[in-house]
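One structure below.
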Amino acid sequence: MLTGRVSQSTAIDWPEKVSAAVQNRYLNRVEETPASAADVLESAESFCEGGALSIDVERTLFEAFVEDDYDGRLHLTTLRNESDAVVGLVFWREVPEDEMKSWINFDALSASVSDLRGMVNDVNAEIVDDDSIHRQRHRSSLVPVREESLHWLYQASTSRRDLVSQPRGKALSREEVIEDLTHRWVKIELLAVRKPFWGNKYGSLLLACALCEAYSLNNNRAILHVAGGYSNVPAVKLYQRFGFVGVPAGDGGMFNKPDRDLFVLGNI
């Protein structure tokens, strides 16, 4: 099974593992251009199967990418088969620091970190179906990944008391720590696999490819909103396998926006 972080893998070799996994499936990863995306939009039916809203979101993202509405910060990664047909896609966006600052509710972080740590343990304690031993080991191996996903939250909460220090011993101000915590983020906007190709783990490959490309551009944190929330079991399980941690949002949660069903990966 392909996961977002392979046991005992290093920051150097995990992108190579992603590339090898794609090649072993006889697929090509393509970072699309606005011109090539326009061709995909014109020639292919919708990738989404989630109803009119999902289709509208997909078309809006295509149009924004083709028109470069985000000044190069919106990306489209696809997988193409040997016939050069696009089997799936993922839109992802580099989030500007100012936008990330408006999302995060720093005053709510401290009270939430301990609850999230407990949730990490609960997720890994689940055991299901006949393959329970393997799954339990796999979930246990992701504990360090999920802990890294919480590390930035811990930093932000301690920044309220100026506990983060520079090497010279000078405490960083709250503003300086917030500045550090709100850069190098990407948002997974949409991930979709065309229905004829469901069941081939292409969703895992697409997410891995997007994170790999984001990492190559010096981004190391990711956030996403799961359409349908926790009732969208396949999507939730996919992101949890990669080490994403679900976080409360809205009504005093850690994020002002997006306001619900958020998952965070604190270290790609």
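The values are calculated or read from the model by the stated rules, or taken from the named source; none is laboratory data. The model shown is predicted, which means the values in this text are computed figures rather than measured ones. All Cβ positions, glycine included, derive from the backbone under ideal geometry; neighbour counts span all protein chains shown. Ligands, DNA and RNA are excluded from the accessible area calculation, which covers all protein heavy atoms including side chains. Shrake-Rupley method; radii C 1.70, N 1.55, O 1.52, S 1.80 Å.
Side notes on the structure shown:
- For region 88-102, filtered to residues that are touching a helix residue (DSSP H, G or I) at 6+ places or on another chain (Cβ under 9 Å) and not in a strand (DSSP E or B), the residue that is least open to solvent (accessible area, probe 1.4 Å) is Met100.
- Of Gly4, Gly51, all but one fail to be crowded, with 18+ Cβ neighbours inside 10 Å, at pLDDT below 85 and of a type outside the set (A, V, I, L, M, F, W, C); the exception is Gly4.
- Condition met for Glu16 (surrounded by fewer than 18 Cβ atoms within 10 Å (Cβ to Cβ) and either closer than 18 Å to Ser204 by Cα or at pLDDT 95 or above (or both)): yes
- Some residue of region 60-82 being at pLDDT 95 or above, under 15 Å from Pro196 (Cβ atoms) and assigned to a loop (DSSP other than H, G, I, E, B): yes
- Looking across region 29-83, the residues that are on the phi > 0 side of the Ramachandran plot and out of contact with any helix residue (DSSP H, G or I) (no Cβ under 7 Å at 6 or more places or on another chain) come down to Gly51, Asp71, Gly72.
- A search for C-beta distances below 7 Å between a residue of region 227-243 that is part of a loop (DSSP other than H, G, I, E, B) and any residue that is open to solvent by 20 Å² or more (accessible area, probe 1.4 Å), counting only pairs 6+ apart in sequence or on different chains, returns Ala227/Gly50; Ala227/Ser54; Gly243/Arg5.
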